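Enquirer: This structure is in structure tokens; I'll ask about it shortly.
The values are calculated or read from the model by the stated rules, or taken from the named source; none is laboratory data. For clarity, every value in this text was computed on a predicted model and none was experimentally measured. Here the Cβ is made from the backbone with ideal geometry for all residues, glycine too, and neighbour counts use every protein chain on show.
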Amino acid sequence: MSYDSNNRWSASANTAIPQVGIDVGLRNYMLRVYNYMGGALAVTGLVAWFAQGFVAQQAQQHSPLLWIMMLAPLAFVLVLSFGIQKMSLGAAQATFWAYAAVMGLSMSTIFLVYTGASIAQVFFITAATFLAMSLYGYTTKRDLARFGAFLFMGLIGIVIASLVNIFFHSAAMQFAISVIGVVVFTGLTAWDTQRIKEMYWEGDGTVVAGKKAIMGALALYLDFINLFIMLMQLMGTRRD
């Protein structure tokens, strides 16, 4: 077995592996990724809905707890990204679900800013866009890796511009950030799906396969959440 220049796993010519077995294993692996991601979105949505009253109270009191809720998701992402290899599978799963719950606390402010109808509308638009691009990334024979560097540069630009706009409060800059963000996270959805698919190897043990599925789900979850946020900024109806 070997890896090519794009880090894709391939079998040597003298290794006989039934293609049907690989297809079934890949399908089960991708289903596991999507199940993790869908479950995380459900957890985030439920926590956001039930926590909105608590978060509104904290906002009225200008509580520093708001900053903790805003920054905590980043801490969980860093822990998973850099520490998952040292974790047991159970610990990685627990950290992933805890991250989804903490993200729900952070996202609950959206119910204070936008109407429920517009949140539902944008969610379904996001879901349709995500499904279309993820399906494209899964089925296309075109190598999307060459777009990865471009998309990553766009992501860095969005982060920097968003930090700058905290001080300038420019509506025009925010609009540009949202438009570019939609393009970037739409592209990342397809690229990440293809990359996650190529991470699969039939020979992985249960623990390694489980951790790969969690990290794949985390990548797609972040694509979905960020795409949703960018679309809300463009299409959401604010409360009076």
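Enquirer: Mind checking which pairs have a first residue in the range 134-162 that is over 19 Å from Leu220 (Cβ atoms) and at pLDDT 90 or above and a second that is assigned to a helix (DSSP H, G or I) and of a type in the set (A, V, I, L, M, F, W, C), Cβ under 7 Å, 6 or more apart or different chains?
Expert: Ala161/Met173; Ala161/Ile177; Ser162/Ile177
Enquirer: Additional query: Which of the residues that make up the range 73-86 are surrounded by 12 or more Cβ atoms within 10 Å (Cβ to Cβ) and either within 14 Å of Ala213 (Cα to Cα) or of a type in the set (Phe, Trp, Tyr) (or both)?
Expert: Phe76, Leu80, Ile84
Enquirer: Also, quick follow-up: In the range 34-89, how many are of a type in the set (A, V, I, L, M), in a helix (DSSP H, G or I) and within 30 Å of Ala190 (Cβ to Cβ)?
Expert: Number of matching residues: 19.
Enquirer: Tell me, please, whether a residue that is buried (at least 16 other Cβ atoms within 10 Å of the Cβ), part of a loop (DSSP other than H, G, I, E, B) and not aliphatic (A, V, I, L, M) can be found in the range 185-200.
Expert: Looking through the range 185-200, at least one residue is buried (at least 16 other Cβ atoms within 10 Å of the Cβ), part of a loop (DSSP other than H, G, I, E, B) and not aliphatic (A, V, I, L, M).
Enquirer: List the number of the failed condition for Asp240; all other conditions in (1) surrounded by fewer than 16 Cβ atoms within 10 Å (Cβ to Cβ); (2) in contact with a helix residue (DSSP H, G or I) (Cβ under 7 Å, 6 or more places away or on another chain) hold.
Expert: (2)
Enquirer: Within the range 97-117, count every residue that is in contact with a helix residue (DSSP H, G or I) (Cβ under 7 Å, 6 or more places away or on another chain) and farther than 18 Å from Tyr36 by Cα.
Expert: So the answer is 9.
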